[in-house]
Amino acid sequence: MDMIGELIGTPSISCADPAIDQGNRAVIDLLADWLEAAGFAIEIMPLPGTPARANLIATLGSGPGGLVLAGHADTVPYDTGAWQHDPFRLTEADQRLYGLGTSDMKTFLALAIESSRGLRAADLREPLVILATADEETSMSGARALVEQQRPHARHAIIGEPTGLRPVRMHKGIFMERIRLHGHAGHSSNPALGNSALEAMHRVIGVILAWRGELQADHHNPLFAVPVPTLNLGHIHGGDSPNRICAECELQLDLRPLPGMDIHQLRGELHRRVTGTLEDSGIGIHFDALFDGIPAMETAPDAAIVQLAERLTGHAPEAVAFATEAPYLTQLGMDTIILGPGNIEQAHQPDEYLALDRLQPTIDLLRRLIKSVCISTDRLL
Ligand SMILES: [Zn+2]
């Protein structure tokens, strides 16, 4: 509980606005101190060019295989004035722990450390790695840096994002795109005097919605509550006056693919279809990635860590709608699941909390997972 309190009391807000962003280094330093005292080998890896952000790889034991317990050390910003409790002071009330990061997801990191208490490197047949990352809530630059550095190596990973202690082996991906069309302004009385970007966007929207229909007809996964890929047109702006031909029009969208759909290919297809529609129209087209994107992820149902988590929790693995760092750990060769004590409904909300009765079951579960993977000489299953 002391560790949870210190982590919540150490602000680490990630935000694209540098006036709000705090970096995660203070949290990383706290975790590193505790883990070093517990006998872990510590590597603090600052992100290039941003000393306020770092990843932490803490390793106990050595050799091939191994289990990574992973979490991000940053939080989202909070709504000033909307909290009844101090977001940066751990408050116990109503059988809950309140504070920014209780559910998403500083508490998991404290519980991971607690569940490894008393272990010595000599006890471990395979290494145990506690991984804390930077910038999960904004750019995922921490996880991307790990992929570039090809670290850490392990066979299995558990990310303690809020899943209500149910194992998750799949999530959708996401990317966000802006499409800007450039035409020519002119007096509305004579269409020949201009080239309407707004009317061109009307054609573009028709093409995008038809493409969405194709994607949803071709891709279906019943494990997801929304079993098809989604594409949302979330923002449009164009023109300034009813008696002027519209010269500029902008559309913003997000696309959330199912596992197996590649975001780079999807982005390329979007560009091809939009560009093809406006060929010979005289309209200029400009694409911007508002968010490069996070791939969808899927770990095979017969992966050892999936089956072990199913056996220990009593819950069949699920699919969730939110994206995590899992695809990056998957790229590093780990069979990854998402399994943590919080509830996603409480994340990114005023008065974020974690129910007190989630603490001990999480510690018990993590101890059994560590024992099965890192200590037991039995085969994993
Ligand atoms: Zn999170």
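The values are calculated or read from the model by the stated rules, or taken from the named source; none is laboratory data. If you're wondering where the values come from, they're calculated on a predicted model, not measured in any experiment. For neighbour counting, all protein chains shown are included, and Cβ atoms are generated from backbone atoms with ideal geometry for every residue, glycine included. Protein only, heavy atoms only, side chains kept; ligands, DNA and RNA dropped before computing areas. Shrake-Rupley method; radii C 1.70, N 1.55, O 1.52, S 1.80 Å.
Values computed for the structure shown
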{"read-out": "Yes/no for Glu36 being over 22 Å from Ile159 (Cβ atoms), modelled with pLDDT of 95 or more and not hydrophobic (A, V, I, L, M, F, W, C)", "value": "yes"}
{"read-out": "In segment 1-18, residue most open to solvent (accessible area, probe 1.4 Å) [restricted to those that are under 28 Å from Pro127 (Cα atoms) and of a type in the set (D, E, K, R)]", "value": "Asp2"}
{"read-out": "Residues of segment 338-370 that turn out to be in contact with a Leu (Cβ under 9 Å, 6 or more places away or on another chain), of a type in the set (A, V, I, L, M, F, W, C) and either within 16 Å of the ligand (Cβ to nearest atom) or outside any strand (DSSP E or B) (or both), as a count", "value": "9"}
{"read-out": "Residues located in segment 159-172, provided they are within 14 Å of the chain's Cα centre (by Cα), within 16 Å of the ligand (Cβ to nearest atom) and not charged (D, E, K, R)", "value": "Ile159, Gly160, Pro162, Thr163, Val168, His171"}
{"read-out": "Residue list for segment 59-80, filter: β-branched (Val, Ile, Thr) and not in a strand (DSSP E or B)", "value": "Val76, Thr80"}
{"read-out": "Unmet requirement for Pro222, which otherwise passes all of (1) under 23 Å from the mean Cα position of the chain (by Cα); (2) touching a residue at least 12 places away in the same chain (Cβ under 8 Å)", "value": "(2)"}
{"read-out": "Condition broken by Ala225, with the remaining ones in (1) surrounded by fewer than 13 Cβ atoms within 10 Å (Cβ to Cβ); (2) in contact with a Leu (Cβ under 6 Å, 6 or more places away or on another chain) satisfied", "value": "(2)"}
{"read-out": "Verdict on Pro77 being in contact with a strand residue (DSSP E or B) (Cβ under 6 Å, 6 or more places away or on another chain) and more than 16 Å from the ligand (Cβ to nearest atom)", "value": "no"}
{"read-out": "Qualifying residue in segment 276-283 (condition: more than 21 Å from the chain's Cα centre (by Cα), more than 16 Å from the ligand (Cβ to nearest atom) and under 28 Å from His153 (Cα atoms))", "value": "no"}
{"read-out": "Pro48 being out of contact with any strand residue (DSSP E or B) (no Cβ under 8 Å at 6 or more places or on another chain) and in contact (Cβ under 8 Å) with a residue 40 or more places away in the chain", "value": "yes"}
{"read-out": "Pairs, first on the phi > 0 side of the Ramachandran plot in segment 71-82, second open to solvent by 20 Å² or more (accessible area, probe 1.4 Å), C-beta under 9 Å, six or more apart", "value": "Gly81/Pro350"}
{"read-out": "Answer residue from segment 19-55, given it is closer than 21 Å to Phe88 by Cα, acidic (Asp, Glu) and not in a loop (DSSP other than H, G, I, E, B) and is least open to solvent (accessible area, probe 1.4 Å) among those", "value": "Asp29"}
{"read-out": "Total residues in segment 246-299, condition under 23 Å from Gly142 (Cβ atoms), in a strand (DSSP E or B), open to solvent by 20 Å² or more (accessible area, probe 1.4 Å) and not basic (Lys, Arg)", "value": "6"}
{"read-out": "Test: residue in segment 92-106 that is within 16 Å of the ligand (Cβ to nearest atom), within 16 Å of Leu31 (Cα to Cα) and basic (Lys, Arg)", "value": "yes"}
{"read-out": "Scope segment 311-334; condition open to solvent by 50 Å² or more (accessible area, probe 1.4 Å), more than 16 Å from the ligand (Cβ to nearest atom) and not in a helix (DSSP H, G or I); matching residues", "value": "Gly314, His315, Ala316, Glu318, Gly333"}
{"read-out": "Single residue of segment 117-148 satisfying the filter (among the charged types (D, E, K, R) and either away from the ligand (no atom under 13 Å from the Cβ) or at positive phi (or both)) that is surrounded by the most Cβ atoms within 10 Å (Cβ to Cβ)", "value": "Asp135"}
{"read-out": "Some residue of segment 176-190 being more than 16 Å from the ligand (Cβ to nearest atom) and either in a helix (DSSP H, G or I) or within 19 Å of Ile338 (Cα to Cα) (or both)", "value": "no"}
